[in-house]
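Trainee: Submitted below is the structure of interest, expressed as structure tokens.
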Amino acid sequence: MLQRKRKLGKRAEKKAPPPTEFEQPKKRRPFTVFLVEDDQSVRASLVEALNELKITVRDYMTAMEFYRDYREPVPGVLVLDIRLPGMSGTELQEKLVEDGFELPIVMISGHADVPMAVRAMKNGAFDFLCKPIRVDELVAAVARAYSYYYEVDMDLIDEELEETEDSIGRLTSREREVLDHVVQGLSSREIAEELGVSTKTVEAHRARINDKMRADNVSHLIRMCFTYNEEHSKG
């Protein structure tokens, strides 16, 4: 009986998906991470972590340094801090759009800068990450940008969209209303004022939303919703 249970357990185990093209350095096509971060220690640690994974990195302290260097389109992703000395991350984003450079951009923001990051996504940024940056989150963002740039591993993207749609379907009407405000970049206090409820009530709604959506953090939640809304607007 015990042996039979073990067999059933093994059969029920979900097989790990095969490695993607990005996860196999020998099969990976040219792709450069352009990292713009003014904190030298943070920048150095991220560069080291990406290099260990055989990911090509070019790093810069300021937006202007990158802007002067990036003259010809190169396959890659721009990982860009919003707050930088001199030209800000959002100003650089605007310049690249004006110049016609279609480079996926992942914004880095502190929690206070989430509304700015949301606006950047509305203006075409691909994704954003909240500080402190975790290496696994950064690598996952780079992998998504790679898949987007080369239009590969689309089955995984479709699967994520289906999961997002199912999760949104489990939200109550009030939770959906709160989520819409979160995606607009509003804080819990601002959402509370909009809905005429307490901040504590909004926080409770947000906790349930994160649980139902299986969101790791606010950047993950907003990215899922932006991707979902973008796909549905095409239909």
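Trainee: Yes or no: residue 82 closer than 21 Å to residue 142 by Cβ, at pLDDT 95 or above and of a type in the set (Val, Ile, Thr)?
Mentor: No, not satisfied.
Trainee: Still on this model: So which helices (runs of 4 or more DSSP H) are wholly in the stretch 111-176 and hold at least 1 residues that are modelled with pLDDT of 90 or more and under 20 Å from residue 89 (Cα atoms)?
Mentor: Qualifying helices (runs of 4 or more DSSP H): 135-150.
Trainee: Taking the residues in the stretch 177-212 that are among the β-branched types (Val, Ile, Thr) and either within 23 Å of residue 141 (Cβ to Cβ) or not in a loop (DSSP other than H, G, I, E, B) (or both) as candidates, determine which candidate is modelled with the lowest pLDDT.
Mentor: This residue is 183.
Trainee: Which residues, taken from the stretch 199-235, are touching a helix residue (DSSP H, G or I) at 6+ places or on another chain (Cβ under 6 Å) and of a type in the set (S, T, N, Q)?
Mentor: Listed by number, the list holds a single entry, 199.
Trainee: Scanning the stretch 61-113 for residues that are among the aliphatic types (A, V, I, L, M) and surrounded by fewer than 22 Cβ atoms within 10 Å (Cβ to Cβ), which turns out nearest to residue 132 (Cα to Cα)?
Mentor: 112
Trainee: So, one more: Only residues that are under 22 Å from residue 96 (Cβ atoms) and in contact with a Lys or Arg (Cβ under 7 Å, 6 or more places away or on another chain): list them for the stretch 122-170, please.
Mentor: 127, 150
Trainee: Residues that are in contact with a helix residue (DSSP H, G or I) (Cβ under 9 Å, 6 or more places away or on another chain) and at pLDDT below 90: does the stretch 91-100 have at least one?
Mentor: The answer is no, given that none of the residues of the stretch 91-100 is in contact with a helix residue (DSSP H, G or I) (Cβ under 9 Å, 6 or more places away or on another chain) and at pLDDT below 90.
Trainee: Six or more apart or on different chains, Cβ under 6 Å: which pairs go from a residue in the stretch 20-31 that's without any contact (Cβ under 8 Å) to a residue 40 or more places away in the chain to one that's not polar (S, T, N, Q)? Could you list them?
Mentor: Pairs found: 25/54; 27/21.
Trainee: Would a scan of the stretch 181-191 turn up a residue that is farther than 20 Å from residue 111 by Cα and out of contact with any Pro (no Cβ under 6 Å at 6 or more places or on another chain)?
Mentor: no
Trainee: Let me ask something else about it. Just one of (1) among the small types (Gly, Ala, Ser); (2) modelled with pLDDT of 90 or more; (3) surrounded by 13 or more Cβ atoms within 10 Å (Cβ to Cβ) trips up residue 215, so point out which.
Mentor: (2)
Trainee: List the residue pairs whose Cβ atoms are under 7 Å apart, where the first residue sits in the stretch 219-232 and is outside the structural domain of residue 114 (by TED's automatic domain parsing), the second is modelled with pLDDT of 80 or more and not in a helix (DSSP H, G or I), and the two are 6 or more positions apart or on different chains.
Mentor: Sorted first by the residue in the stretch 219-232, then by its partner, the pairs are 219/128; 219/129; 219/130; 221/215; 223/127; 224/215.
Trainee: Return yes when residue 192 is of a type in the set (A, V, I, L, M) and exposed (fewer than 14 other Cβ atoms within 10 Å of the Cβ) and no when it is not.
Mentor: no
The values are calculated or read from the model by the stated rules, or taken from the named source; none is laboratory data. On a predicted model such as this, the values are computed, not experimentally measured, just so you know. Reconstructed Cβ throughout: ideal geometry from the backbone, glycine too, with neighbour counts over all protein chains shown.
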